[in-house]
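**Student:** Mind looking over this structure? Questions follow.
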Amino acid sequence: MGSFETNRRKEEERIREEDRLPPGQSLTLKFPVLHYGPVPVFTPSTWDFRIWGEVEEEKSWTWDQFLKLPRTQVNIDLHCVTRWSKADTLWEGVSLRSMVESGLIRIKPNVTHVMQHAEHGYTTNLPLEVFLQDNFLMATHFDGKPLTPDHGYPLRGVIGHIPSRDDLESPYLWKGAKWLRSLEFMTADRLGFWEKGGYHNRADVWNEERFR
């Protein structure tokens, strides 16, 4: 057994002992790349990010404007539906919760769900209360550096488990869309891309909600 695999197994045992490894998951020290469709080309001069649907005022930001929004960091464990987990990942970006609390976004009171819209028409849905949790971020940076194109550059939704925060719902990683372009606020639930294909609508990692 190589030293890399030995280190991986030791780290996996530590995470498991801390009750941070959900059922059916194995720890990886790498960061696997999985997504639907090709990696899109980013053109800063034409890129924008939109907030629309059931909001008091629809808004959009250019790339330069988005980078000036208030920023935050979150350290989370990632859990992929394909059964790998990656612990202690550090992300930086814009919190939807902070945008709502500061009044940058004014959501209508009848909103129940949010749809992430990404490049290539990819979509994924979550309840509003999950979007407003501390473990969801619209991320521009990973581990102190800008995202790489295959991990969602320039912007991706990311959601995971904050260690010791068992009060937060933790969906599988596909519930954060790479190459994010807009958020649609909705008064009823609607299935996203993989959800239409048979993946679980709620996707809670601790209950192994992988498929419908």
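The values are calculated or read from the model by the stated rules, or taken from the named source; none is laboratory data. This one's a predicted model, so the numbers in the text were calculated from it and none came from an experiment. Using ideal geometry, Cβ is built from the backbone for each residue, glycine included, and neighbour counts are taken over all protein chains shown.
**Student:** Anything in the stretch 151-180 that is free of Cβ contacts under 8 Å to residues at least 60 places away in the same chain and within 8 Å of the chain's Cα centre (by Cα)? List them, or say none.
**Tutor:** ARG156, GLY157, LYS175 - these are the residues of the stretch 151-180 that are free of Cβ contacts under 8 Å to residues at least 60 places away in the same chain and within 8 Å of the chain's Cα centre (by Cα).
**Student:** Just the residues that are in contact with a helix residue (DSSP H, G or I) (Cβ under 6 Å, 6 or more places away or on another chain) and either over 20 Å from ASP150 (Cα atoms) or loosely packed, with under 11 Cβ neighbours inside 10 Å (or both), please, taken from the stretch 34-59.
**Tutor:** The answer is PRO44, and nothing else.
**Student:** From LEU168, LEU183, LEU147, grab the single residue that is under 17 Å from ALA87 (Cβ atoms), in contact with a His (Cβ under 8 Å, 6 or more places away or on another chain), among the aliphatic types (A, V, I, L, M) and modelled with pLDDT of 95 or more.
**Tutor:** Going through LEU168, LEU183, LEU147 in turn, just one is under 17 Å from ALA87 (Cβ atoms), in contact with a His (Cβ under 8 Å, 6 or more places away or on another chain), among the aliphatic types (A, V, I, L, M) and modelled with pLDDT of 95 or more: LEU168.
**Student:** Which one is surrounded by the fewest Cβ atoms within 10 Å (Cβ to Cβ), of the residues in the stretch 87-107 that are under 21 Å from PRO154 (Cα atoms) and among the charged types (D, E, K, R)?
**Tutor:** Of everything passing the filter in the stretch 87-107, ARG97 is surrounded by the fewest Cβ atoms within 10 Å (Cβ to Cβ).
**Student:** Scanning the stretch 60-82 for residues that are charged (D, E, K, R) and loosely packed, with under 14 Cβ neighbours inside 10 Å, which turns out farthest from TRP179 (Cα to Cα)?
**Tutor:** Taking the candidates together, the pick is LYS68.
**Student:** When the stretch 188-208 is examined, which residues are found to be of a type in the set (D, E, K, R) and free of Cβ contacts under 8 Å to residues at least 24 places away in the same chain?
**Tutor:** LYS196
**Student:** Looking only at the stretch 151-159, decide whether some residue is part of a strand (DSSP E or B) and basic (Lys, Arg).
**Tutor:** yes
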